[in-house]
Amino acid sequence: MTPREERFLVIENMRQALAEGNTFAKVELSDPVVTDEDRRRVILPFDLLRKNPINKVKAHIARKMAERLTREVNRDTELVGLENALGIKGGAFITASHYNPTDSTPVRMMVERCGRGKRHDIVVQETNIFMKGFFGFLMNNANTLPVSALHEYMARRLTPALEALIGRGDFILVYPEQEMWFNYKKPRELRDGVYHWAAKFGVPVIPTFTEMRNMDGECDGAGFLPVKHILHIMPPIYPDPSLSLRENRIRMQELDCQLRRDKYEEVYGISLDDEFIPERDIAGFVSDK
């Protein structure tokens, strides 16, 4: 199968998922399949805080690799609204669109510009931990924290690790859309986990939305045009101390959804409710018609 054919199949998976009303669907074709045995062997003992000396070294190398990748793929990227993040002194969660294997790099650039010493962590799907090659190394070591279907891991290992990192003042990137939909411009529905964590730890969520614009230039091997990314950083959403944990979770999630919807309609000038048209809704896509 050619890269072009694979991308057409992914687009068809998106179309089917949208028709079914399931924007959390996995649409990529080659993601690793994770078994319960894999989870207990790899995810359950995962060194979330990189306490092992070897893992500390790997994390340092991975961060340097990620910083270099960030510079390479964001030569044309713009940050709009950086002032909304600059005033946050302690820890916070960041929510972002999940559209590309390198979509964490504009957020990394944002965190770097928030000042020296600010750390950047990423919550990733457990399938990413089983990737191979360059991205596999980054997914295992570049300050990543996998989520898992194992309840005991989520409750006893991941949640305390997140609390420790937030207490250290880190910015933690979470993708509430869950699955990657390649170059899909529209904001999708959001899982509520990040808002639960933010309310539980009493820290803000920094919502972001990535605008994507086609650029002039040669198409890549899959026939996609180069794309310019504009990361819109919106005002932070703080938990309300007068509300319960559940009330805060719902309120923060709804506010993030509304901010993303409003930003989409503002930058593209069209309704989020318009029907799916790949040539319009998938950045860089060029039809064969």
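The values are calculated or read from the model by the stated rules, or taken from the named source; none is laboratory data. This structure is a prediction, so every number in the text was calculated from the model and none was measured. Don't worry about glycine lacking a Cβ; one is built from the backbone with ideal geometry, like all the others, and counts go over all protein chains shown.
Below, the figures for the structure above:
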item: Flag if residue 225 is closer than 19 Å to residue 267 by Cβ, touching a residue at least 24 places away in the same chain (Cβ under 8 Å), part of a loop (DSSP other than H, G, I, E, B) and not aromatic (Phe, Trp, Tyr); result: yes
item: Subset of segment 98-144 (residues that are closer than 25 Å to residue 80 by Cα and aromatic (Phe, Trp, Tyr)); result: 99
item: Among the candidates 283, 222, residue that is surrounded by fewer than 20 Cβ atoms within 10 Å (Cβ to Cβ), within 21 Å of residue 105 (Cβ to Cβ) and of a type in the set (A, V, I, L, M); result: 222
item: Odd one out for residue 65 among (1) within 23 Å of the chain's Cα centre (by Cα); (2) part of a helix (DSSP H, G or I); (3) exposed (fewer than 11 other Cβ atoms within 10 Å of the Cβ); result: (3)
item: Test result for residue 71, surrounded by fewer than 21 Cβ atoms within 10 Å (Cβ to Cβ) and assigned to a helix (DSSP H, G or I); result: yes
item: Answer residue from segment 119-172, given it is part of a helix (DSSP H, G or I) and among the acidic types (Asp, Glu) and is nearest to residue 103 (Cα to Cα) among those; result: 126
item: Within segment 36-51, tally of residues that are more than 21 Å from the chain's Cα centre (by Cα) and part of a helix (DSSP H, G or I); result: 7
item: Residue in segment 77-118 that is modelled with the lowest pLDDT, counting only those that are basic (Lys, Arg) and in a loop (DSSP other than H, G, I, E, B); result: 116
item: Residue in segment 219-235 that is in contact with a Leu (Cβ under 8 Å, 6 or more places away or on another chain) and at pLDDT below 95 present; result: yes
item: Answer residue from segment 36-87, given it is touching a strand residue (DSSP E or B) at 6+ places or on another chain (Cβ under 6 Å) and charged (D, E, K, R) and is nearest to residue 112 (Cα to Cα) among those; result: 78
item: Filtered residues of segment 250-289 (kept if in a helix (DSSP H, G or I), farther than 15 Å from residue 207 by Cβ and within 19 Å of the chain's Cα centre (by Cα)); result: 281
item: Any hit, segment 58-80, residues being hydrophobic (A, V, I, L, M, F, W, C), closer than 22 Å to residue 188 by Cα and out of contact with any His (no Cβ under 8 Å at 6 or more places or on another chain); result: yes
item: Failed condition for residue 193, given (1) surrounded by fewer than 17 Cβ atoms within 10 Å (Cβ to Cβ); (2) of a type outside the set (A, V, I, L, M); (3) at pLDDT 95 or above; result: (1)
item: Members of segment 5-32 that are in contact (Cβ under 8 Å) with a residue 60 or more places away in the chain, part of a loop (DSSP other than H, G, I, E, B) and not aromatic (Phe, Trp, Tyr); result: 23, 25, 26, 27, 28, 31, 32
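Let's see how each residue does on (1) of a type outside the set (S, T, N, Q); (2) surrounded by fewer than 21 Cβ atoms within 10 Å (Cβ to Cβ):
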{"residue": "106", "(1), (2)": "yes, no"}
{"residue": "127", "(1), (2)": "no, yes"}
{"residue": "132", "(1), (2)": "yes, yes"}
{"residue": "154", "(1), (2)": "yes, yes"}
{"residue": "160", "(1), (2)": "yes, yes"}
{"residue": "177", "(1), (2)": "yes, no"}
{"residue": "205", "(1), (2)": "yes, no"}
